[in-house]
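Shown next, in structure tokens, is the structure this report addresses.
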Amino acid sequence: MAKLTPVILDEEPNAEGEWNVKIRIGHKSKSAYISTDEFVSKKHLTKEWDIKTSFVVSHLTDILNEYNEILKQKKSILPHIDHLQLKELLTGIGNEYKPGEEVMFLNFAKEHTESIKLKQYSTYKILKTTYQSLSDYLNHVDIPATEITPVFLEGYEKFLRSDREVARLVNGKLIKTERAGLGNSGVNAKMNNIRKLHNLAKEKYNDEDEGVILIPNNPFKKYKIVARDEVEDRDFSIDQIVKIRDCKLKVNSRTELARDIWMLSFYLCGMNSVDIFHNSGKNVERVVYNRQKTKGKRTDKALMSVNIIDEAVSLHDKYMGKMQVRYSNIGSLNLSLHYGIKELRKILGAGFEKLDMYSARHSIASIAANECGYSTEQVGAMLNHYGRENKVTRGYIRRSWAIVDQIQAAVIALLPPFSEIINDSGES
């Protein structure tokens, strides 16, 4: 709550030996001052140069009551304005102040995206491309969040589906490239990200308990996001996985790192790089962790336990618990993995164009279902997916990792023994 205090500021009195009384507004650890029509002489001041209570009561009660009534009425918007805006509000200059007009969508989207860069690098990259494309559509001119309407989204969708030239800063140079229009899956992803950012803005700036609704609109109630196309295959066959595993690479290179983390993910039932990065590596029989991607959304905190099979031991010992020494944050690791995977695609050649870190997870899931005959529900358990169905029933059942171990063993058993493939492609 803002605090109002009558004070004097001038070190020297005026010609009549009096000081002008001002109202100090204390708000968010900063102060602003409102001049009054009142003046005090030295007899109205204490030894500490504070205005005596008797003077305040007799001369300032009305104005203080008026200001306090305004504060009471506007209590809900106080968290959203600074000390100078509060001064304008009290003096009448800012009575028409509308905080909602200050919620600029591009600015919010950029701030939020940058805020998650270190902890959620993959999500950061996805949201950054969405922010950039929206900025391109708007010609880099920001708009209020309230102007994200169904009609606006329809126009943005047409833009996304069109061929266009984009300019991006790369190593300090402005590079222009041609971009093909997006299909249904690309539009679906971008629009879901816009909806996510819009909802996050509403979550931050709206306060229903206090009656503060700075972003009242829900454009996605009328605008319907197009469905994704059938998911393209991102999995690799046993033969392809053997090529990934056995390819000889330069020791301690980014390419070797990417290949090793890919295989470690495959061995450990699709464990993500962010979870590998944060794992201590202290467990000798099982990797026990809370999946970073979903732990904040689930009551079980996305607990996962995977057997450290023989094939995974050397990679587990090489990387688990050591990644944070080599890399300052998950963003740095993922950047190295990105370049390493890119080079690995070139080395492996045709058939590996869609290789990425997540394809290890897709691969073990597809092999488990299509080669080993496990059900979708069983594969979901192996991937640590958590459907809403039977949610209550699961609360009665003691957690078992047996199905995870069974699927892991069945899939890994399909891999033939290691046979080193010499790489003549060269590698950096």
Worksheet item: Looking at (1) more than 22 Å from the chain's Cα centre (by Cα); (2) under 21 Å from Asp275 (Cβ atoms); (3) surrounded by 15 or more Cβ atoms within 10 Å (Cβ to Cβ), can you tell me which one Tyr327 breaks?
Response: (1)
Practice prompt. Give the residues of segment 260-285 that are touching a residue at least 40 places away in the same chain (Cβ under 8 Å) and either touching a Cys at 6+ places or on another chain (Cβ under 7 Å) or over 23 Å from Lys243 (Cβ atoms) (or both), sorted by residue number.
Written response: Val274, Phe277, His278, Asn279, Ser280, Gly281
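To keep it simple, each residue is scored yes or no on (1) surrounded by 16 or more Cβ atoms within 10 Å (Cβ to Cβ); (2) touching a helix residue (DSSP H, G or I) at 6+ places or on another chain (Cβ under 7 Å).
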| position | (1), (2) |
| --- | --- |
| Ile215 | yes, yes |
| Pro219 | yes, yes |
| Lys224 | no, no |
| Arg228 | no, yes |
| Ile244 | yes, yes |
| Lys248 | no, no |
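Assigned to a helix (DSSP H, G or I) and under 30 Å from Gly26 (Cβ atoms), is that true of Lys87? Talk me through it step by step, then tell me what you get.
Values: assigned to a helix (DSSP H, G or I): yes; under 30 Å from Gly26 (Cβ atoms): yes.
Judged against the criteria, Lys87 is a match.
Can you spot a residue in segment 370-377 that is assigned to a loop (DSSP other than H, G, I, E, B), among the aromatic types (Phe, Trp, Tyr) and at negative phi?
If we filter segment 370-377 for residues that are assigned to a loop (DSSP other than H, G, I, E, B), which is where we start, we get 371-375.
With among the aromatic types (Phe, Trp, Tyr) added as a condition, the list becomes 374.
Imposing the further condition that a residue be at negative phi reduces the set to 374.
Scanning segment 370-377, I find at least one residue that is assigned to a loop (DSSP other than H, G, I, E, B), among the aromatic types (Phe, Trp, Tyr) and at negative phi, so the answer is yes.
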Practice prompt. Please note which helices (runs of 4 or more DSSP H) are completely contained in segment 271-368 and include at least 3 residues that are modelled with pLDDT under 90 and within 27 Å of Asp233 (Cα to Cα).
Written response: 330-348
Discussion item. Looking at (1) without any contact (Cβ under 8 Å) to a residue 60 or more places away in the chain; (2) surrounded by fewer than 20 Cβ atoms within 10 Å (Cβ to Cβ), which one does Val379 not meet, given that it meets all the others?
Written reply: (2)
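The values are calculated or read from the model by the stated rules, or taken from the named source; none is laboratory data. Here the structure is a predicted model, which is why all the values come from computation and not from measurement. Backbone-built Cβ (ideal geometry, glycine too); neighbour counts: all protein chains shown.
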